[in-house]
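Got a structure here, written out as structure tokens. Questions coming.
The values are calculated or read from the model by the stated rules, or taken from the named source; none is laboratory data. These numbers were taken from a predicted model, which means no experiment stands behind them. All Cβ positions, glycine included, derive from the backbone under ideal geometry; neighbour counts span all protein chains shown. Accessible surface is based on the protein model in full, side chains and every heavy atom, while ligands, DNA and RNA are left aside. Shrake-Rupley method; radii C 1.70, N 1.55, O 1.52, S 1.80 Å.
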Amino acid sequence: MLSGAINLNLRRESELVDISVTTRDPQLSADVANITAEVLRDEALESNIEAARDAKVWLAAQLEEADRKITAANAQLVQYHRSADVPEVGSSETPLAAQLDSLRTEYGSARTERVIAESQLRGLEELYRQGRYIDVAEALPNPVADALGKSFAEAKLHQMTVAQEFLPKMPQRREADFRLDEATRRLKNEVRRILDAEKTKLGMKREKEDTLYRAITGTEENRLDVQGMQEDYLKLKLDLDTARETYRQMKDR
């Protein structure tokens, strides 16, 4: 009879329950409604208490696990700090970050210097292939090349003057041509030597650039490793703080 008389209606999007009891006796209906409310309240309370007990046990286990994790993470950070000069956890400026900035600045300068030298050498090699040795000598200041360039210019001027007066087979013309050829050969050889030396310097610039790039890559990897360790540590610490706060609130309840 009671089962058919009692009606429970749970309100949507709330924890409220409407209890209605319909019998022939108004007092009986009121008493049954009140008793039903008390039973529901007691059952809910018991369920919450049991859930609290379970939660307390679970949180205690989680807290113990978090303590172990935070201890292990802290030990790892301390060890890494000793071996790689890792800063304190939470620090925004690190020696690795400063080192990385310095390497990047140096790498940018080295790269610019290499590109400029490469472009200049390419232009000088083209002048050399065109036989414009005097232009190459003027572009690359060198005492020997300067002297040979001066001798070449004098021999060239002398040959042009002689060529206006003497035919190719005449002794004066042959002597002037030989002098010009010899000055040209010596200037060419010296310019070639200078260009080879510039090639060697360019190779050194490339090697410096590559070395800096490798250093940047290695430092970046180390910095990411350190950041990862710090983030893991902070996450574990946050998890531990959260577990402690939840445990405290549940214990207060």
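I'm told Ile134 meets every condition in (1) modelled with pLDDT of 90 or more; (2) farther than 30 Å from Glu106 by Cβ; (3) of a type in the set (Val, Ile, Thr) except one. Can you identify the failing condition by its number?
With respect to (1) modelled with pLDDT of 90 or more; (2) farther than 30 Å from Glu106 by Cβ; (3) of a type in the set (Val, Ile, Thr), Ile134 is out only on (1).
Still on this model: In the range 157-174, is there at least one residue being within 58 Å of the chain's Cα centre (by Cα) and either surrounded by 13 or more Cβ atoms within 10 Å (Cβ to Cβ) or over 27 Å from Ala117 (Cβ atoms) (or both)?
Let us first name the residues in the range 157-174 that are within 58 Å of the chain's Cα centre (by Cα), namely none.
For the range 157-174, residues within 58 Å of the chain's Cα centre (by Cα) and either surrounded by 13 or more Cβ atoms within 10 Å (Cβ to Cβ) or over 27 Å from Ala117 (Cβ atoms) (or both): absent.
Among the listed residues Arg53, Arg68, Arg12, identify the single one that is assigned to a helix (DSSP H, G or I), modelled with pLDDT of 80 or more and of a type in the set (Lys, Arg). Let's see the steps before the verdict.
Working: Arg68 fails: modelled with pLDDT of 80 or more; Arg12 fails: assigned to a helix (DSSP H, G or I).
Step by step, each of Arg53, Arg68, Arg12 is checked, and only Arg53 is assigned to a helix (DSSP H, G or I), modelled with pLDDT of 80 or more and of a type in the set (Lys, Arg).
Can you name the residue in the range 199-253 that is of a type in the set (Phe, Trp, Tyr) and at pLDDT below 75 and, of all such residues, is farthest from Tyr107 (Cα to Cα)?
Here is the first cut: in the range 199-253, the residues of a type in the set (Phe, Trp, Tyr) are 213, 233, 247.
Among the residues that remain, those that are also at pLDDT below 75 are: 233, 247.
Numbers: Tyr233: 33, Tyr247: 53 Å.
Among those that are of a type in the set (Phe, Trp, Tyr) and at pLDDT below 75, it is Tyr247.
Still on this structure, I have one more. Check Leu45 against each of (1) exposed (fewer than 12 other Cβ atoms within 10 Å of the Cβ); (2) out of contact with any helix residue (DSSP H, G or I) (no Cβ under 8 Å at 6 or more places or on another chain); (3) in contact (Cβ under 8 Å) with a residue 12 or more places away in the chain and name the one condition it does not meet.
Exception for Leu45: condition (3).
Being acidic (Asp, Glu) and open to solvent by 70 Å² or more (accessible area, probe 1.4 Å) is the filter; apply it to the range 1-33 and report the residue that is farthest from Ala44 (Cα to Cα).
At the first step, the residues of the range 1-33 found to be acidic (Asp, Glu) are 13, 15, 18, 25, 31.
Applying the additional criterion that residues be open to solvent by 70 Å² or more (accessible area, probe 1.4 Å) yields 13, 15, 25.
On the way: Glu13: 18, Glu15: 11, Asp25: 28 Å.
The qualifying residue farthest from Ala44 (Cα to Cα) is Asp25.
Here is a check on your reading of the model: is Glu175 within 26 Å of Leu127 (Cβ to Cβ), in a helix (DSSP H, G or I) and either acidic (Asp, Glu) or touching a Gly at 6+ places or on another chain (Cβ under 8 Å) (or both)? Outline the logic, then answer.
On the way: within 26 Å of Leu127 (Cβ to Cβ): no; in a helix (DSSP H, G or I): yes; either acidic (Asp, Glu) or touching a Gly at 6+ places or on another chain (Cβ under 8 Å) (or both): yes.
In short, no.
Keeping to the range 113-143, report how many residues are in a helix (DSSP H, G or I) and open to solvent by 80 Å² or more (accessible area, probe 1.4 Å). Steps first, please.
Filtering the range 113-143 for residues in a helix (DSSP H, G or I) gives 113-129, 133-139, 143.
When the remaining residues are screened for being open to solvent by 80 Å² or more (accessible area, probe 1.4 Å), the result is 113, 116, 120, 122, 129, 138, 143.
Counting residues in the range 113-143 that are in a helix (DSSP H, G or I) and open to solvent by 80 Å² or more (accessible area, probe 1.4 Å) gives 7.
So if I check each of Asp85, Asp31, which one is among the charged types (D, E, K, R) and modelled with pLDDT of 90 or more?
Values: Asp85 fails: modelled with pLDDT of 90 or more.
When all the criteria are applied, what remains is Asp31.
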